[in-house]
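Q: For reference, the structure I am asking about is given below.
The values are calculated or read from the model by the stated rules, or taken from the named source; none is laboratory data. Please read all numbers here as calculations on a predicted model, not as lab measurements. Cβ placement follows ideal geometry from the backbone for every residue including glycine, while neighbour counts extend to all protein chains displayed.
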Amino acid sequence: MSFNLQTWQNAIWNVLHRTGFTDVLDILIVAVILYEILMLVRHTRGSAVLKGLVVLVLAGAVSQLLGMTALNWILSSMMQYGVIVLFILFQPELRHALEQVGRGAMLDSGTHVQDEDNERIIREVIQTLLDLSRRRVGALIVFEQKTGLQDLIETGTRIDGRISAPLLENIFEPNTPLHDGAVIVRGQRVIAGACILNLTENRDVNRELGTRHRAALGVSETTDAITLVVSEETGVISMTKAGEITRNLDEKKLRDILSEMYLKKDRFSLSSLIQRFRGKGAVRA
């Protein structure tokens, strides 16, 4: 496998000057497949490997362009034999991905089953927050969005459990090992507890707000994460987003916030395309 600059130039010329409907369709399908693969490995060790492969490809292209024969040969050899090594190292991840494809997990991500599970998650989180608020037990839940929070996850204790009210309430129960710190939620799972967050540097924050609220503001200032906080002193439920805090949330407001996160995501994916195609092709009786 070598980095032939002329080959890339010919490929680009063909794309620009000989593109037909089939070519466009081919490119779209490949793009969707690559996107699904990236979504599948984005929170695994494979994401770092993919970044490394991209760097190697770019370095090989640059070495070919600058005429660095020795470096280009080394990079080409690494790419050629590195693929075999990757298959061996990441055999568990590959097996898991193939199992998901075999079960139709990638194609069923937008089905009614997932909607029901998201509804359950919303109910469980609301129940947790209202119960903790009634008992005035402090809590801080961080919902990861597009910006990864792996560095924060590594400061806490790994849980990787299905979201449920008993699990969340047990984590924040006073005098338990994980109650002091933040819980980080990724999608439908509680990833870690007792995570340490940096406090906000905003000096204009209300002095009545404690450490939990300042930590929630801090993570929302540096990432797109959404946090829900229960005050230990007053039981008031608050939300932070984009460095702003909204206080005195009731059940209806909580449902609106969680529904925005879990029920209104229309991700461009192979599964969504298939679901739309099926919907358009359905015949009504």
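Q: Which of (1) modelled with pLDDT under 85; (2) assigned to a helix (DSSP H, G or I); (3) under 30 Å from Thr227 (Cβ atoms) does Gly60 not meet, given it meets every other one?
A: (3)
Q: For Leu199, state whether it is of a type outside the set (Ser, Thr, Tyr), surrounded by 17 or more Cβ atoms within 10 Å (Cβ to Cβ) and at pLDDT 90 or above.
A: Against the criterion (of a type outside the set (Ser, Thr, Tyr), surrounded by 17 or more Cβ atoms within 10 Å (Cβ to Cβ) and at pLDDT 90 or above), Leu199 does not qualify.
Q: So, one more: Tell me which residues, restricted to segment 207-235, are in a loop (DSSP other than H, G, I, E, B) and surrounded by fewer than 15 Cβ atoms within 10 Å (Cβ to Cβ).
A: Of everything in segment 207-235, those that are in a loop (DSSP other than H, G, I, E, B) and surrounded by fewer than 15 Cβ atoms within 10 Å (Cβ to Cβ) turn out to be Arg207, Glu208, Gly210, Asp224, Glu233, Thr234.
Q: While we're looking at this one, here's another question. Among the residues of segment 153-170, are any farther than 21 Å from Ile237 by Cα, assigned by TED's automatic domain parsing to the domain that holds Ile126, of a type in the set (A, V, I, L, M) and at pLDDT 90 or above? Even if it seems obvious, please write down each step before you answer.
A: Initially, segment 153-170 is screened for residues farther than 21 Å from Ile237 by Cα, giving 153-162.
Filter once more, keeping what is assigned by TED's automatic domain parsing to the domain that holds Ile126: 153-162.
Of the ones still in play, those that are also of a type in the set (A, V, I, L, M) are 153, 159.
In the following step, the residues that additionally are at pLDDT 90 or above were identified as 153, 159.
Scanning segment 153-170 turns up at least one residue that is farther than 21 Å from Ile237 by Cα, assigned by TED's automatic domain parsing to the domain that holds Ile126, of a type in the set (A, V, I, L, M) and at pLDDT 90 or above.
Q: Further question on the same structure: Restricting attention to segment 182-196, which residues are within 23 Å of Glu233 (Cβ to Cβ) and surrounded by fewer than 22 Cβ atoms within 10 Å (Cβ to Cβ)?
A: Matches in segment 182-196: Ala194, Ile196.
Q: Let me ask you something else. Which number in (1) part of a helix (DSSP H, G or I); (2) under 21 Å from Glu169 (Cα atoms); (3) touching a strand residue (DSSP E or B) at 6+ places or on another chain (Cβ under 9 Å) marks the one condition that Thr240 misses?
A: Only one criterion in (1) part of a helix (DSSP H, G or I); (2) under 21 Å from Glu169 (Cα atoms); (3) touching a strand residue (DSSP E or B) at 6+ places or on another chain (Cβ under 9 Å) is unmet by Thr240, namely (1).
Q: Quick check on my filter: what residues within segment 188-238 are among the acidic types (Asp, Glu) and under 18 Å from Thr147 (Cα atoms)? Write out each step before concluding.
A: The first filter runs over segment 188-238 and keeps only residues among the acidic types (Asp, Glu), leaving 201, 204, 208, 221, 224, 232-233.
Hits for segment 188-238 are Glu221, Asp224.
Q: Which residues, counting only those in segment 192-206, are part of a loop (DSSP other than H, G, I, E, B) and either hydrophobic (A, V, I, L, M, F, W, C) or not assigned by TED's automatic domain parsing to the domain that holds Leu149 (or both)?
A: Ile196, Leu197, Leu199, Val205 - these are the residues of segment 192-206 that are part of a loop (DSSP other than H, G, I, E, B) and either hydrophobic (A, V, I, L, M, F, W, C) or not assigned by TED's automatic domain parsing to the domain that holds Leu149 (or both).
Q: While we're here: Report, ordered by the first and then the second residue, all pairs with beta carbons closer than 6 Å, sequence separation of six or more or different chains, a first member in segment 62-78 that is among the small types (Gly, Ala, Ser), and a second member that is surrounded by 12 or more Cβ atoms within 10 Å (Cβ to Cβ) and assigned to a loop (DSSP other than H, G, I, E, B).
A: So the pair list comes out as Ser76/Met1; Ser76/Ser2.
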